[in-house]
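First comes the structure, then the notes that go with it.
The values are calculated or read from the model by the stated rules, or taken from the named source; none is laboratory data. Just so you know, these numbers come straight off a predicted model, no measurement behind them. Glycine gets a Cβ as well: all are built from the backbone with ideal geometry, and neighbour counts include every protein chain shown. Only protein heavy atoms, including side chains, enter the accessible area calculation; ligands, DNA and RNA are left aside. Shrake-Rupley method; radii C 1.70, N 1.55, O 1.52, S 1.80 Å.
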Amino acid sequence: MSPADTVRSRPRPSAATWISWTTLALMTTSSVASLRPAPTMAVYGLACVFLYVVPALVFLLPTSLVSAELASGWEGGVYNWVARGISRPAGFFAVWCQFAMTIFYYPSLLGYVASTLAYVFDPSLAGSGLWTAAVIMVAYWSGVWISSRGTKGVAGLASGGLVVGTLVPGAVLVVLGVVFLLKGHAPAAPMNAGDLLPPWAGLASLVLIVNNFLSYSGMEMNAVHVSSLRKPAREFPRAMFLAMGLVLVIFVLPALAISWVVPAEQLSLTAGVMQAFDAVFAQFGGQWLTPVVGVLLVAASLGGMVTWLAGPSKGLLLISRQEGYLPPWLQKRNKHGVPRNILVAQGAITTLIALLYAFVPDVSSAYWIFSVITTQVYLITYLLMFVAAFRLRRTAPGHPRGYRAPMLGVLCGVGCAASLAALLVGFVPPSQFGSGNVGAYVVVVAGGALGLGLLVPFLFYQFRKQSWKQPAPEEATS
């Protein structure tokens with residue numbers, strides 16, 4: 001039985017578990033877009049439009065359109081697409097790389113939650129390792145509990161968090177920025193046509209542009225929920241188009257608004273989003289709103305986190321049950337079909353990293369390198385996805401698809417080139433690396449990416465067992 005047949009043999013969800021395509025669009029937007037990078041990009045003024053639009057054209061657009069075609073023709077997410085387009089081992093490799101990226105994503109996201117939440121109680125807590133560790137652990141395990149309630153709970157928190165924690169604060173920033181200009185103030189950053197392009201600084205400029213490719217990663221992740229739509233073939237592409245528009249708006253407009261009100265010298269690369277909100281509110285005598293916005297931003301981040309919890313882990317579970325890649329203990333699910341033990345195992349790593357925040361003073365630089373490694377691994381998923389989409393258009397041209405991406409070959413070629421560029425840039429040490437040994441940095445990043453992205457999935461594949469396979473019509477186990 002083919003991977004597609006196996007996936008399609010699963011029963012369709014009942015009407016009670018269906019989600020709307022707009023809800024899926026909000027889930028996808030929640031997993032991709034946030035206000036976190038707004039202060040950093042506001043430093044570039046009008047050039048932030050260029051820095052976001054170019055990566056959107058060469059990475060976001062191909063990713064969205066290609067995943068829309070694949071999901072409208074084949075359920076099962078990245079694994080099934082790559083398994084059908086290339087091979088089953090390649091499919092497992094793709095879904096593992098998608099899952100592995102989250103290992104260090106959660107501590108990074110929740111570290112941001114900790115610093116944001118500190119502004120609600122006491123800004124000095126933002127520099128406390130114990131505070132950061134406590135917030136990471138409490139937030140992660142709370143997210144696991146919410147995810148364990150099934151897709152409905154995840155969809156509700158992700159959609160609600162996006163609206164109240166990203167769209168509303170973002171709209172407030174934009175409105176205040178416009179009011180600031182209408183009052184006759186000159187924008188803090190020049191807004192002339194000549195300022196649309198950022199100053200060219202050689203490789204550093206290229207790194208800046210390519211790094212923004214990764215701001216759009218995750219558009220394909222929620223394809224595992226396509227079976228929860230009433231009419232997947234029509235509704236998933238709609239969800240992708242809506243999400244794509246929302247992501248661009250959320251990234252570009254708030255960054256522009258901040259650049260109008262707050263001078264660039266007050267927006268260093270280390271400045272947090274709460275500092276930017278505080279500075280904007282100060283222009284209008286509304287700094288009392290800063291803690292309120294902090295609560296809303298935390299809600300958005302938690303919504304994005306539970307979306308990531310539900311997506312990659314579910315994809316890894318599906319293939320592991322079909323092919324016996326993971327031991328039975330890791331395949332355990334609760335009555336809602338949530339891979340509880342995968343999340344528990346991942347939670348153990350997240351807890352360990354949280355404790356490192358508390359007790360190891362110089363963990364930040366090593367943790368940053370780990371984050372780069374997992375990003376490199378994730379890019380492999382995109383390379384495989386684009387190759388699989390191109391091959392499926394040739395090997396299965398008559399396969400029914402609810403949506404056919406225009407100029408698929410061009411989209412896949414551009415997407416592959418963008419992914420390769422981002423992967424190669426990951427080997428360029430950042431300015432924070434200082435005078436460290438560049439060779440050592442490259443060896444560590446390359447070795448880590450090969451170990452996490454190749455060695456670990458190879459071992460799972462090598463030691464898979466027939467007895468670990470589960471029946472295709474999945475029955476939730478407690």
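Structure values in brief
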quantity: Per-residue HN-Hα couplings for the range 394-402 [Karplus 6.51, -1.76, 1.60; θ = phi - 60°; Hz; x = Gly/Pro]; calculated: 8, 7, 9, x, x, 5, x, 10, x
quantity: Modelled FRET efficiency - R0 22 Å, Thr22 with Val168, Cβ distances, 0.05 increments; calculated: 0.80
quantity: Efficiency of FRET between His185 and Phe121 - r from beta-carbon atoms, R0 35 angstrom, step 0.05; calculated: 0.60
quantity: Over the range 9-142 - Rg/Rh using Cα atoms and the Kirkwood inverse-distance radius; calculated: 1.04
quantity: Distance (nanometres) between label positions extended 7 Å along Cα→Cβ at Ser142 and Asp195; calculated: 3.9
quantity: Segment Arg234-Ile369, extension gain: residue separation times 0.36 nm, minus the distance between their alpha carbons; calculated: 44.5 nm
quantity: Distance between modelled label sites at Leu383 and Met407, nm, 7 Å Cα→Cβ extension; calculated: 2.5
quantity: Sequence of Lys469, Lys335 when ordered by accessible area, the most exposed leading, probe 1.4 angstrom; calculated: Lys335, Lys469
quantity: Nitroxide proxy distance, nm - points 7 Å out along Cα→Cβ at Val175 and Val443; calculated: 5.7
